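For reference, the structure discussed in these notes is given below.
The values are calculated or read from the model by the stated rules, or taken from the named source; none is laboratory data. No experiment lies behind these values; they were computed from the predicted model shown. Cβ atoms come from the backbone with ideal geometry, glycine included; neighbour counts cover every protein chain shown.
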């Protein structure tokens, strides 16, 4: 039987491979989940697929698991990035969780003219992405980058990567996702919308397309899931 | 200038129409939002569009607003229902909020074989739908029905209304939304998936189609937004 507990580990996985646990992992498995020697745990590290492992040693400050058999091949989402302007903590966490479930390669928090948040805890958001992958059965964890100013991100943008940006000002207008394969990024504006200057700049970039998400105003977290759905179902791996 | 505060009222709206406030509404406008006589409030009631109104009387236990001018015509979302199995409180609230933003006519919580929740507070969820419409600038509030057993809902189903159901067991398979106009419902399974019996029953209904939401497992709340996006962008009012 496959394990119910899933754990991301930053170590190589393979047949008979022992995996040493950190103090936090040992606390979670043996203190919180109450696992004992012999119990099964599913492990993934983002590149070796998922492995079923058994608890070989269980201690308060550490422990060892041993990989037994592969249970899911490695898979990597399409080359899609999500750029978004961080909002309130709960909704920012939510956007990270949803991006992991929907399948993106990289999550980039960006500071726009109308972004309220001045800073984010990158390490906390990265841990949240790991947790989301653990919970949704995924084997890939997107990198969450440090908060960067949108202006700067666009200045050094590799124009081989297309951008689909969702603009509140587009509500009710049409704006379809171009059927162009290759690398993409989705950019979700902040709750107050992009500034006129940001909008002009984006509209001036040949690699950027404004896309419409219907006649109703969506919150940023809803817009993220909706835009990722449109992309995945037309250009991504849902087809 | 248009009002920043939006309020749903269960009363007729029209030119020069006075609107008496309930005690709770008066508390919100004058106690929480600190509005005074002459302040502007946006009102909607789900069928007369949005109106800009002025505070004419402000008291601790009540007050009167007077409608000045229409600011948004009435609009009603396409004939789409959302059926879902209630989960934890926060995620159930979230599904209701997202259904309002995405545009559905009716929200139906259903009890499936694998639903954990035995009961819901229908009045609380309906109030949550009102609040979501107030916050997203909508003028329509979908009805939230009482929790009903999925079996019974399907037994008395009007087969003129098609069903798109999202099945965890379909992860990785194809299953596209049929391009059939008319009345629709989207049914999101519970976190544990449908039971075999439910799945057989749904697959046996000519009006029901299983749709796939890609190769990764989505939480119920993510699946709801994703399925609503697919429907709205192909059969709904996003086209």
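Within the span defined as the range A:70-80, every residue fails to be over 30 Å from residue A:219 (Cβ atoms), in a strand (DSSP E or B) and more than 27 Å from the chain's Cα centre (by Cα). Of the set (1) within 12 Å of chain A (Cβ to nearest Cβ); (2) crowded, with 20+ Cβ neighbours inside 10 Å; (3) closer than 23 Å to residue B:96 by Cβ, all apply to residue B:186 but (1).
Listed here are the residues, each with its yes/no results for (1) at pLDDT 95 or above; (2) touching a helix residue (DSSP H, G or I) at 6+ places or on another chain (Cβ under 9 Å); (3) within 14 Å of another protein chain (Cβ to nearest Cβ).
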site	(1), (2), (3)
B:29	yes, no, no
B:63	yes, yes, no
B:66	yes, no, no
B:73	yes, no, yes
B:80	yes, yes, yes
B:85	no, yes, no
B:99	yes, yes, yes
B:122	no, no, no
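For the range A:223-237, the set of residues classified as out of contact with any strand residue (DSSP E or B) (no Cβ under 9 Å at 6 or more places or on another chain) and more than 7 Å from every other protein chain (Cβ to nearest Cβ) consists of A:234 only.
With respect to the stated conditions, residue A:181 fails to be surrounded by fewer than 20 Cβ atoms within 10 Å (Cβ to Cβ), within 12 Å of another protein chain (Cβ to nearest Cβ), under 26 Å from residue B:214 (Cα atoms) and out of contact with any helix residue (DSSP H, G or I) (no Cβ under 6 Å at 6 or more places or on another chain). Note on the range A:109-127: among residues that are touching a strand residue (DSSP E or B) at 6+ places or on another chain (Cβ under 8 Å) and free of Cβ contacts under 8 Å to residues at least 60 places away in the same chain, the one that is farthest from residue A:193 (Cα to Cα) is A:126. Taken over the range B:114-152, the criterion of being more than 27 Å from residue B:6 (Cα to Cα) and within 15 Å of the chain's Cα centre (by Cα) is satisfied by B:147 alone.
Look through the range A:189-222, keep the residues that are touching a residue at least 60 places away in the same chain (Cβ under 8 Å) and either assigned to a helix (DSSP H, G or I) or away from every other protein chain (no Cβ under 14 Å) (or both), and return whichever of them is farthest from residue B:235 (Cα to Cα). That would be A:197.
One residue stands out in the range B:135-169 among those that are modelled with pLDDT under 95 and part of a helix (DSSP H, G or I): the one that is farthest from the other protein chains (Cβ to nearest Cβ), namely B:169.
Residue B:92 meets the conditions (1) modelled with pLDDT under 95; (2) within 14 Å of another protein chain (Cβ to nearest Cβ); (3) within 14 Å of the chain's Cα centre (by Cα) in every case but one. The failed one is (2).
Yes/no matrix, rows are residues, columns are (1) outside any helix (DSSP H, G or I); (2) assigned by TED's automatic domain parsing to the domain that holds residue B:135; (3) touching a strand residue (DSSP E or B) at 6+ places or on another chain (Cβ under 9 Å); (4) surrounded by fewer than 19 Cβ atoms within 10 Å (Cβ to Cβ):
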| position | (1), (2), (3), (4) |
| --- | --- |
| B:30 | no, no, yes, no |
| B:37 | yes, no, yes, yes |
| B:53 | yes, no, yes, no |
| B:65 | yes, no, yes, no |
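Only one of the numbered conditions (1) farther than 21 Å from residue A:154 by Cα; (2) more than 14 Å from chain B (Cβ to nearest Cβ); (3) buried (at least 18 other Cβ atoms within 10 Å of the Cβ); (4) in contact with a helix residue (DSSP H, G or I) (Cβ under 9 Å, 6 or more places away or on another chain) is not met by residue A:59, and that is (3).
Restricting the range B:101-120 to residues that are part of a loop (DSSP other than H, G, I, E, B) and modelled with pLDDT of 95 or more, the residue that is surrounded by the most Cβ atoms within 10 Å (Cβ to Cβ) is B:104.
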